[in-house]
Amino acid sequence: MMSNWQTLKLGDVTKWSSGGTPKKTEASYWNGDIPWISASSMDGHLYTDSKLKITEEGLANGSRLAPKNSILVLVRGSILHQKMQVGITTRPVAFNQDVKCLVADEEYLDPWYLLLWFKAKERELLTIVESTGIGAGKFDTKLLSEYPIKVPPKEEREKIKKLGKALFDKSINLFQTNQTLEQMAQALFKSWFVDFDPVIDNALDAGNSIPEELQAKAEQRKAVIADGNFKSVPDDIRQLFPSEFEESELGWVPKGWLAVSIHDLVDSISDTYKLKDVNEVIFLNTGDIENGKFLHNNYSATDGLPGQAKKSISNGDILYSEIRPKNKRFAFVNFDAQDYVVSTKLMVLRARKGVNPILPYFILTQEKTVNELQHVAEHRSGTFPQITFKELKKVISILPQEQELLDYFVNHYLTPFFAKALDSMEQSEQLGKIRDTLLPKLISGEFSIPELKIEV
């Protein structure tokens, strides 16, 4: 079957180029419209944008442009001890010196097939990652360029590409669905408990005065009410919102509502896991959770665990890393966790009696909260940005005393959102397992696809 496959070197079928970083102190080089790709912007496998952007002048003075449909590979970074960061550009982008740009020779393979090859070979390629001696990993690019790649005939490549791309597209759809659900929940929380839109609506209906600092918002709400959109809040729920404001230390807030700290909603738990009673456990360090996901469930022998493996966790707990909040190392425990032990660098937060744990988890994982905690972490003394449970006291929300209104928000919006998000994550994990099983076999020629029918 593989007699008509060619075995070539990766460097023989790709053209390589290196990137760079324009001077950070030269303002004219930055804040342009050219995305500048570095390790921090290489999540996923499609590279379209980044938070950092450079100008044409910056491009000409320190960086390089990767054309659309080229492959970007991170060749230096601490993440290489865990996984490869590789993806395809969907538009021309600049990139830094830790990244290599590979342009496929389409006589032998197209960009998507090359991306699938990297994904299929990830575990194998990570074995040749070297240590820099300062914690980062690096690829010897000469060794990588000489790595053998088996190239099938074009017809077989197209079938493999079609299947692999369909799996990735499905993953993107699931991710986008999750993002949409999260944005809807965040928008509603902001409307109700930050902007106080239903309270303004009620005040306008009742003819009550609106505080001066909320006048601009009130004018916007008048336009909304004129369109009838305020009825999106059911009448029985809208009646649970007050129709007046009162002044507080935090400014004007709905009458009767309180400033609630995360400390009012959760306690920090440090129950020590009795490691002497078992032979193996699932150990989670800060890098083993990310933005709601548990990245592994592998057992490890207890006698080989690091010293920070100490805390036990339970169903309903919130795990939140003390280190660099912006990395979003947090997750919600929604399973029986008796076999799990976590690092002392993960805060274990447990909801207080009468508090649905989904509410504090939602508050803690909002972008605004993460940014605030990152700011706090960066201004604490220490070797790296870090927070403790003490700093969570500064996370304040203005919430109603009436439990009925909070229960409605949690039960009708947050709970369904998390249920759907969990379902999407489970589907994504299954797709990942299928992809990780199929791609290496297809790329190696272990079996072929006689007839391909894909439904996404």
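Summary of computed values
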quantity: For Leu167: the one exception among (1) assigned by TED's automatic domain parsing to the domain that holds Tyr47; (2) assigned to a helix (DSSP H, G or I); (3) more than 27 Å from Thr21 (Cα to Cα); (4) aliphatic (A, V, I, L, M); calculated: (1)
quantity: Yes/no for Asn202 being among the polar types (S, T, N, Q), part of a helix (DSSP H, G or I) and buried (at least 16 other Cβ atoms within 10 Å of the Cβ); calculated: yes
quantity: Residue match in region 265-280 (condition: aromatic (Phe, Trp, Tyr), at pLDDT below 95 and assigned by TED's automatic domain parsing to the domain that holds Glu367); calculated: no
quantity: Subset of region 1-31 [under 30 Å from Pro153 (Cα atoms) and either in a loop (DSSP other than H, G, I, E, B) or of a type in the set (Asp, Glu) (or both)]; calculated: Met1, Met2, Ser3, Asn4, Trp5, Asp12, Val13
quantity: Only one of Lys274, Lys310, Lys328 that is charged (D, E, K, R) and within 24 Å of the chain's Cα centre (by Cα); calculated: Lys328
quantity: Counted residues, region 384-413 - those being part of a helix (DSSP H, G or I), modelled with pLDDT under 90 and under 28 Å from Lys326 (Cα atoms); calculated: 1
quantity: Single residue of Ile323, Ile318, Ile363 found to be more than 21 Å from Gln186 (Cα to Cα), assigned by TED's automatic domain parsing to the domain that holds Ile269 and surrounded by 17 or more Cβ atoms within 10 Å (Cβ to Cβ); calculated: Ile323
quantity: Test: residue in region 172-184 that is among the polar types (S, T, N, Q), crowded, with 18+ Cβ neighbours inside 10 Å, in contact (Cβ under 8 Å) with a residue 60 or more places away in the chain and in a helix (DSSP H, G or I); calculated: yes
quantity: Pair list, Cβ < 6 Å and 6+ apart or interchain, from region 432-451 residues that are free of Cβ contacts under 8 Å to residues at least 12 places away in the same chain to residues that are exposed (fewer than 14 other Cβ atoms within 10 Å of the Cβ) and outside any helix (DSSP H, G or I); calculated: Lys441/Phe447
quantity: Close pairs (8 angstrom Cβ cut-off, 6 or more residues apart or separate chains): in the same structural domain as Leu188 (by TED's automatic domain parsing) and within 13 Å of Val355 (Cα to Cα) in region 406-421, acidic (Asp, Glu) and at pLDDT below 90 anywhere; calculated: none
quantity: Tally of residues being closer than 19 Å to Pro148 by Cβ, in a helix (DSSP H, G or I) and not hydroxyl-bearing (Ser, Thr, Tyr) across region 430-449; calculated: 5
quantity: Near pairs, Cβ below 7 angstrom, 6+ apart or cross-chain, from region 247-258 (touching a residue at least 40 places away in the same chain (Cβ under 8 Å) and surrounded by 11 or more Cβ atoms within 10 Å (Cβ to Cβ)) to any residue that is in a strand (DSSP E or B) and aromatic (Phe, Trp, Tyr); calculated: Trp252/Phe245; Val253/Phe245; Pro254/Phe245
quantity: Residue, nearest to Ser397 (Cα to Cα), within region 190-212, restricted to residues that are of a type in the set (Val, Ile, Thr) and touching a helix residue (DSSP H, G or I) at 6+ places or on another chain (Cβ under 6 Å); calculated: Ile200
quantity: Condition check for Ser191: in a helix (DSSP H, G or I), small (Gly, Ala, Ser) and in contact (Cβ under 8 Å) with a residue 60 or more places away in the chain; calculated: no
quantity: Of all residues making up region 250-274, the number that are farther than 30 Å from Val342 by Cα and in a loop (DSSP other than H, G, I, E, B); calculated: 4
quantity: Residue, surrounded by the most Cβ atoms within 10 Å (Cβ to Cβ), within region 366-386, restricted to residues that are among the β-branched types (Val, Ile, Thr) and under 17 Å from Glu290 (Cα atoms); calculated: Thr369
quantity: Residue match in region 46-67 (condition: free of Cβ contacts under 8 Å to residues at least 60 places away in the same chain, of a type in the set (Asp, Glu) and either in a loop (DSSP other than H, G, I, E, B) or more than 25 Å from Thr25 (Cα to Cα) (or both)); calculated: yes
quantity: Test for Leu72: is it within 22 Å of the chain's Cα centre (by Cα), more than 24 Å from Lys441 (Cβ to Cβ), hydrophobic (A, V, I, L, M, F, W, C) and part of a strand (DSSP E or B); calculated: yes
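Residues checked against (1) under 18 Å from Pro92 (Cβ atoms); (2) basic (Lys, Arg); (3) buried (at least 17 other Cβ atoms within 10 Å of the Cβ):
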position: Ser18; (1), (2), (3): yes, no, no
position: Gly62; (1), (2), (3): yes, no, yes
position: Val73; (1), (2), (3): yes, no, yes
position: Leu80; (1), (2), (3): no, no, yes
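The values are calculated or read from the model by the stated rules, or taken from the named source; none is laboratory data. Since we're looking at a predicted model, the values are computed, not measured. Heads up, the Cβs are rebuilt from the backbone with ideal geometry, glycines too, and the neighbour counts pull from every protein chain shown.
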